[in-house]
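Chemist: Please see the structure below; I have some questions.
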Amino acid sequence: MRRVTVFSTILITVSLMVIGCGDEIETKNMEQIYAEEGVPIRIEKVQAGGFTSTIEYQAVLTGIKESSAYAVVDDKIDHIHYMVGDYVEKDAVVLTFPTDNPSAQYYQAKVAYENAEATFERMKSYYEVGGLSRQDFDNAQAAYKVAKADWDAVRQSVLVKAPIGGIVTRINVRETENAHHDDELFAISQIDRLKTRIWVSDKQIGHVAVGQTTYAQWNGVRLSGEVVQVDLSMNQARQAFGVVIEFTNPEMAMRCGVTATISVETYHDATAIGIERKNVIKEGDEYFVYVHNGGAAHRRPVALGRTAGVDVEILSGLNPGEYLITEGQMHLDDGTKVMVIDSATGMASE
């Protein structure tokens, strides 16, 4: 806005220029001033700085692997062995319920298992010396396996283990609090890598492909990643295509469960020229720009490519090193004399 104001001030100042000769004062109109001094313009050097087209979405990030443990019995929490943020190995006991809970039948299952194990060991020794039939041995072995499975299930209901190795990302209970059957107790996540799923419309899905570069931004943190899966059929409930993206999170700076801005680079050309769309003029079906050369403006037809925000890709018509006219175009024709105004001082530059 400041540049537009300064530029307008320059036009007004130039339009009020007068030439004094003795007692005669001749006020010049705008056309005369432009013809003698040149139309004031601003320019910028064209550079092949690359052009990138992106699409953005909002999505929730989760660990690359995530699993939760749920209560099997109704009881109070006896002890919690880890805190949120701790790393745990798979099958490590994270929290425990009291072993004297009647519904768990902890000691009954323990005694039954120990008895079945001892019986099986005796039967095994008899069978090996020929003192027991195969049928009796198989029955003892089956009883032992059933008792062991029951004992394992009871222990897992009381001694709640980590379903996977990873970071404890949330604990939903506290010691002495009551938990009920099927309550989520805690969650374990592997967060050195994160993932998300975005939903892409049928108009945009053709621009998304596996391997494309992506970025996730949240609270000043920026992660890089790539598209790893693009669905081939539309989700009818969402009327969109699912796209799975994975990100590296080496310092675990991004947290699980946050809603981040996901940018997918659908197109990138490191050698392309991109300019602001406002510098392109449309006349009929033709697009053109003005370039500055030799003190004059030259109309240059251009072919446009993709757009990204306020920028547009120039496929042909402009070359690196040329000077694009960025202000004053509305007063120009091909060959119009121009006067370059310095952006910093607002004065005519050499």
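Chemist: Does A104 satisfy the criteria of being within 29 Å of I191 (Cα to Cα) and among the small types (G, A, S)?
Modeler: When the stated conditions are applied, A104 does not pass them.
Chemist: Go through (1) under 15 Å from the mean Cα position of the chain (by Cα); (2) modelled with pLDDT under 95 for V244 and report which single condition fails.
Modeler: Evaluating V244 over (1) under 15 Å from the mean Cα position of the chain (by Cα); (2) modelled with pLDDT under 95 leaves (2) as the failure.
Chemist: Go through region 104-148 and give me each residue that's closer than 30 Å to G166 by Cβ and either of a type in the set (A, V, I, L, M) or outside any helix (DSSP H, G or I) (or both).
Modeler: A104, A109, listed by residue number.
Chemist: For region 33-60, what are the residues that are among the small types (G, A, S) and either in a loop (DSSP other than H, G, I, E, B) or under 16 Å from L315 (Cβ atoms) (or both)?
Modeler: Within region 33-60, G38, A48, G49, G50, S53 meet the criteria.
Chemist: Only one of Q135, Q108, Q156 is under 23 Å from A69 (Cβ atoms) and not hydrophobic (A, V, I, L, M, F, W, C). Can you tell me which?
Modeler: Values: Q135 fails: under 23 Å from A69 (Cβ atoms); Q108 fails: under 23 Å from A69 (Cβ atoms).
Q156 is the lone residue from the list that is under 23 Å from A69 (Cβ atoms) and not hydrophobic (A, V, I, L, M, F, W, C).
Chemist: Additional query: Residues K45, K145: which one is surrounded by fewer than 16 Cβ atoms within 10 Å (Cβ to Cβ) and not assigned by TED's automatic domain parsing to the domain that holds T176?
Modeler: That would be K45, the only listed residue that is surrounded by fewer than 16 Cβ atoms within 10 Å (Cβ to Cβ) and not assigned by TED's automatic domain parsing to the domain that holds T176.
Chemist: Going by what's in this entry, would V210 be described as under 28 Å from R238 (Cα atoms) and assigned to a loop (DSSP other than H, G, I, E, B)?
Modeler: Yes.
Chemist: Any residue in region 88-109 that is not assigned by TED's automatic domain parsing to the domain that holds V160 sitting within a Cβ distance under 7 Å of a residue that is surrounded by 15 or more Cβ atoms within 10 Å (Cβ to Cβ)? List the pairs, counting only those 6 or more apart or interchain.
Modeler: Filtered contacts from region 88-109: no entries.
Chemist: It is to be established whether one or more residues within region 123-130 are polar (S, T, N, Q) and at pLDDT 90 or above.
Modeler: Of all residues in region 123-130, those polar (S, T, N, Q) come to 125.
Adding the requirement that they be at pLDDT 90 or above leaves none.
No: zero hits.
Chemist: Would you check if there is a residue in region 218-228 being of a type in the set (G, A, S), without any contact (Cβ under 8 Å) to a residue 60 or more places away in the chain, part of a loop (DSSP other than H, G, I, E, B) and closer than 17 Å to I64 by Cα?
Modeler: Taking region 218-228 and keeping what is of a type in the set (G, A, S), we get 220, 224-225.
Now restrict to residues that are without any contact (Cβ under 8 Å) to a residue 60 or more places away in the chain: 220, 224-225.
Cutting the leftovers down to part of a loop (DSSP other than H, G, I, E, B) gives us 220.
Filter again for closer than 17 Å to I64 by Cα, leaving none.
No, that holds for no residue.
Chemist: Checking I205 against (1) surrounded by 15 or more Cβ atoms within 10 Å (Cβ to Cβ); (2) in contact (Cβ under 8 Å) with a residue 24 or more places away in the chain; (3) closer than 21 Å to G50 by Cβ, only one condition comes out false. Which one?
Modeler: (3)
Chemist: Please work out if G274 is part of a loop (DSSP other than H, G, I, E, B) and either small (G, A, S) or on the phi > 0 side of the Ramachandran plot (or both).
Modeler: Working: part of a loop (DSSP other than H, G, I, E, B): no; either small (G, A, S) or on the phi > 0 side of the Ramachandran plot (or both): yes.
Considered against the rule, which asks whether it is part of a loop (DSSP other than H, G, I, E, B) and either small (G, A, S) or on the phi > 0 side of the Ramachandran plot (or both), G274 comes out as no.
The values are calculated or read from the model by the stated rules, or taken from the named source; none is laboratory data. Everything numeric here is computed off the predicted structure, so don't read it as measured data. Cβ atoms come from the backbone with ideal geometry, glycine included; neighbour counts cover every protein chain shown.
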